[in-house]
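Notes follow the structure.
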Amino acid sequence: QVQLVESGGELVQTGGSLRLSCAASGRTFSSYPMGWFRQVPGKEREFVAATTWDGGTQFYADSVKGRFTISRDNAKNTLYLQMTNLKPEDAALYFCAAARSGILTRSQYEFDVWGQGTQVTVSS
């Protein structure tokens, strides 16, 4: 069973950078595609980025392409999201998730293991 714990969220100024981490427990972390999603109050959770089990392929939402980078270190059981040139509209609760189906997708419904989230706040 995989359990996920996010960290790294904090208050940052517009134009700043942050790196989020997602620590996974369980030996099967390296088997699954992983993704990052975000949610603001009153809105649906939205896709941010996803990567294959080996990190060889990545998908990004158009809104973050060129600014965010998803990566993973399977030896450390950790998923990362490097965020640069942050904008106020990036402020949200960020979740990492695992897709035990093995399918790499932008759909949150294919991801069945979720962390509790880490808050990112961007001041203008």
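How large is ³J(HN,Hα) for each residue in the range 43-57, as worked out from phi by the Karplus curve 6.51 cos²θ - 1.76 cosθ + 1.60 (θ = phi - 60°), to whole Hz, x for Gly and Pro?
10, 6, 5, 10, 5, 10, 6, 8, 9, 6, 4, 9, x, x, 10
List the lysines whose Cα lies under 27 Å from the Cα of residue 43, skipping any in the same chain that are fewer than 8 positions away.
65, 87
Convex hull over the alpha-carbon atoms of the range 54-124: what's its volume per residue in Å³?
108
Just to check I understand the Karplus step: with θ = phi - 60° and J = 6.51 cos²θ - 1.76 cosθ + 1.60, what whole-Hz values come out for the range 29-34, glycine and proline as x?
3, 5, 8, 10, x, 10
State to the nearest 20 debye the size of the charge dipole of the chain about its Cα centre, where the only charges are +1 on K and R beta carbons and -1 on D and E beta carbons.
140
With a ≥ b ≥ c the root eigenvalues of the C-alpha gyration tensor of the chain, is it rounded (a/c under 1.5), prolate (a/b larger than b/c) or oblate?
The shape class here is prolate.
Students often forget the sequence filter, so: which aspartates and glutamates lie under 16 Å Cα-Cα from residue 76 once same-chain residues fewer than 8 apart are removed?
6, 54
In percent, what relative contact order does the chain have, based on Cα pairs under 8 Å that are 6 or more apart in sequence? List each step's numbers first, then the result.
Values: 315 pairs, mean separation 44.3, N = 124.
In percent, rounded to a whole number, it is 36.
How much accessible surface does residue 73 have with a 1.4 Å probe, in Å² rounded to 10?
Using a 1.4 Å probe on the heavy atoms, I get roughly 50 Å².
The values are calculated or read from the model by the stated rules, or taken from the named source; none is laboratory data. Note that the structure is predicted; figures quoted are calculated from it, not measured. Note that each Cβ is placed from the backbone with ideal geometry, even for glycine, and that neighbours are counted across all protein chains shown. Each accessible area value is taken on the protein alone, full model and side chains, heavy atoms only, with ligands, DNA and RNA left out. Shrake-Rupley method; radii C 1.70, N 1.55, O 1.52, S 1.80 Å.
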